[in-house]
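Trainee: Would you mind keeping the following structure in view while I ask a few things?
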Amino acid sequence: MRLNGKAFEAVAALVEGRDRSDLYHSALEVRVPEGRFVIEQAPAWTGGAERGVVAEGAVGARAAGRFKLFRYEIRLWREGVIPDLAEAVAGPQRVSDDPARARRVLELAPEVPTPVWGRDELDAGEMWNSNSVVSWLLARSGLDIEAIELPVGGRAPGWQAGIVVARRQLEHDRLGRADHRVSVS
């Protein structure tokens with residue numbers, strides 16, 4: 001994974017005419033009185049029930065997703081583990097102490113969109129990946145996503161894609177409710 005990330009960033013920096021940056025992978029740890037949960041997007045393994053897998057998607061191309069090697073999973077893992085947490089650049093970042101907001105994030109996890117990883121199937125302007133999943137969950141839960149600062153000196157490709165898709169869905173939901181109103185004159 002690390003080598004693929006370095007190769008991706010080298011090509012992206014060359015194409016965009018900029019210096020290389022560190023790449024960041026996002027995951028969430030959510031604490032509620034009922035327990036601690038980890039939400040992340042990771043390669044699909046066998047036996048997903050023990051990791052709380054709530055959704056899966058294809059990697060690279062939809063047709064490739066028929067093979068387990070080319071699938072990812074969205075985990076809502078009670079007492080789960082974030083394998084690369086020790087490598088976090090700035091350490092974990094607390095985004096809220098509100099238990100209701102934390103529960104909302106947990107409720108939304110099974111609803112995360114699952115387009116093809118590494119592609120922009122949702123026309124959000126960048127590829128969908130783990131960063132998209134996290135930013136989508138935070139934005140959909142009502143947290144002030146603009147107040148969340150990414151670590152300095154790097155990039156989180158896909159972060160904006162999650163925000164774009166979440167805002168699009170929130171607007172659709174808002175308009176959908178308005179469309180169902182009946183007015184009597």
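Trainee: If you line up the long axis of helix 159-179 against the longest principal axis of the chain, both from Cα atoms, how many degrees apart are they, to the nearest 10?
Mentor: Around 10 degrees separate the two axes.
Trainee: Continuing with this model, one more query. In a GNM of the chain with a 10 Å cut-off on Cα contacts, which of Leu28, Leu138, Leu150 has the highest mean-square fluctuation?
Mentor: Leu150
Trainee: Right, another one. Could you give P(r) for the chain, binned at 10 Å from zero, as whole percent values over all Cα-Cα pairs?
Mentor: 9, 34, 37, 15, 4, 1, 0
Trainee: While we're on this one: I'd like the distance separating the alpha-carbon centroids of region 46-68 and region 140-174, in whole Å.
Mentor: One Cα centre to the other: 24 Å.
Trainee: If you don't mind, there's one more thing I want to ask. Give me a comma-separated list of calculated 3J(HN,Hα) values for region 28-44, in order, Karplus coefficients 6.51, -1.76, 1.60 applied at θ = phi - 60°, integers in Hz, x for any Gly or Pro.
Mentor: Residue by residue, region 28-44 yields 10, 10, 10, 10, 10, x, 6, x, 10, 10, 10, 10, 7, 9, 8, x, 6 Hz.
Trainee: Return a whole-number percent for the relative contact order of the chain, with Cα pairs under 8 Å and 6 or more residues apart as the contact set.
Mentor: Answer for the chain is 21 percent.
Trainee: While we're on this one: Skipping prolines and chain starts, which residues have an amide H placed within reach, meaning under 5 Å, of the one on Val32, given they are 5 or more residues away or on another chain?
Mentor: Placed amide hydrogens put Phe37 under 5 Å from Val32.
Trainee: Collect residues whose amide H, placed 1.01 Å from N in the peptide plane, falls under 5 Å from the amide H of Arg155; neighbours closer than 5 in sequence don't count.
Mentor: Asp22, Leu23, Tyr24
Here, each number is a calculation from the coordinates, and none is a lab measurement. This structure is a prediction, so every number in the text was calculated from the model and none was measured.
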